[in-house]
1. Hey, any hits in the range 67-80 for a residue that's at pLDDT 95 or above, out of contact with any Pro (no Cβ under 6 Å at 6 or more places or on another chain) and surrounded by 24 or more Cβ atoms within 10 Å (Cβ to Cβ)?
2. Could you check the range 308-343 and list, in sequence order, the residues that are within 12 Å of LEU30 (Cβ to Cβ), among the small types (Gly, Ala, Ser) and outside any loop (DSSP other than H, G, I, E, B)?
3. Within the range 80-91, which residues are of a type outside the set (Gly, Ala, Ser), out of contact with any helix residue (DSSP H, G or I) (no Cβ under 6 Å at 6 or more places or on another chain) and touching a residue at least 12 places away in the same chain (Cβ under 8 Å)?
4. Step by step: first the residues of the range 61-78, then only those that are in a helix (DSSP H, G or I) and without any contact (Cβ under 8 Å) to a residue 40 or more places away in the chain, then the one that is nearest to ALA35 (Cα to Cα). Which residue is that?
5. Restricting attention to the range 124-146, and to residues there that are crowded, with 24+ Cβ neighbours inside 10 Å and under 19 Å from the mean Cα position of the chain (by Cα), which single residue is nearest to VAL298 (Cα to Cα)?
6. Somewhere in the range 228-236, is a residue under 24 Å from ALA97 (Cβ atoms), crowded, with 19+ Cβ neighbours inside 10 Å, in the same structural domain as LEU150 (by TED's automatic domain parsing) and not polar (S, T, N, Q)?
7. Residue by residue through the range 318-331, note down the ones that are under 17 Å from ALA294 (Cβ atoms), of a type in the set (A, V, I, L, M, F, W, C) and surrounded by 19 or more Cβ atoms within 10 Å (Cβ to Cβ).
Amino acid sequence: MRAAVRPFSLPLADPLDTARGTIEHRDGLLFRLEADDGAVGVGEATPLPGWTEHYDECESVLADAVASIDSGATPADLLADLDSTPAARHALDLALADLRASDEGVPLYRYLGAENPAKSVPVNATVGDAPTEETVAEAERAANAGFDCLKVKVGARPLTADIERIETVADALPEVELRADANAAWTREQAQQFLDAVGDHLAYAEQPLPATDIAGLASLSGPIALDETLAEVAFEDALDANPDAVVLKPMALGGPRAASALAARARGEGIEPVVTTTIDGAVARTAAVHVAAAIKHVPACGLATRKLLDSDLGPDIAPVADGRAVVPQGEGNGTADTWGHHD
């Protein structure tokens, strides 16, 4: 077995403001495994501090992995040492899964446990923070484009303004499923006030409280989903918050197989698993589509992020149209040729 790594940088179409600063590009690393018979698997690490390790640490860990593999180490044996660096672990886990699925002659989602073929998976649109009128207009554009599930960003405005935004969108689009994402912005009192006001309009409120406030999350009356919590708290402890859904980011969880395992655990607890990306390149984004396709009756997932990038690692083989993402049917992840490509 041989391994190699190479860096990439993908500019965003527009700068993205986050709680941790403005993101103008996504820097990452492609990781390539080649078996003795010439079979190839490719993974991606696109770190996002706050969710994963920093880029420099990821780069160092993957360089060490290449050296270890080239010296005879078994790639699968290295995974256990990468739990503290989930983006690096994602790259290795995806490369291995891609290689093994290709060896079996099946698409990655079938390798991950899907019982039946899946041509596409449902995808939600994200409606950003804006005044009420602009929020409704953006929501209507998404609905007209075929999305029947919308995630509305909340938490940046006064609580009364966000309540008005959700109520107005719900009135304008009564047939559309609504989710609200607060990105841990509220106090317990604010979160409960929001849920009391508009909880009946929502599938759930995503991360209404800080990530580690498990007791506070458990105390809320109304539907909630966990997102940031899963990057800060062990999964079994996060379940003490009694969530209705969990938002699974394979890049932050250490790979597609880790995310698939957590999806199965969530379903076993009666919790809906929702797969999303961290604004990844084509390799990881496609793998996230495969993870979603491996979940039976998967709810709408946050996979419509290609439009946020100005360029990509290669062709988009899992495009989104009419509110659904295409599931590639080729062997493995279907992105092995990205190693020598950049659009």
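The values are calculated or read from the model by the stated rules, or taken from the named source; none is laboratory data. Everything numeric here is computed off the predicted structure, so don't read it as measured data. Please note: Cβ atoms are built from the backbone with ideal geometry, for glycine as well, and neighbour counts cover all protein chains shown.
1. Checking the range 67-80: not a single residue is at pLDDT 95 or above, out of contact with any Pro (no Cβ under 6 Å at 6 or more places or on another chain) and surrounded by 24 or more Cβ atoms within 10 Å (Cβ to Cβ).
2. ALA336, GLY340
3. Hit for the range 80-91 is ASP83, nothing else.
4. ALA76
5. Filtering first and then ranking leaves ASN124.
6. yes
7. ALA318, ALA325, VAL327
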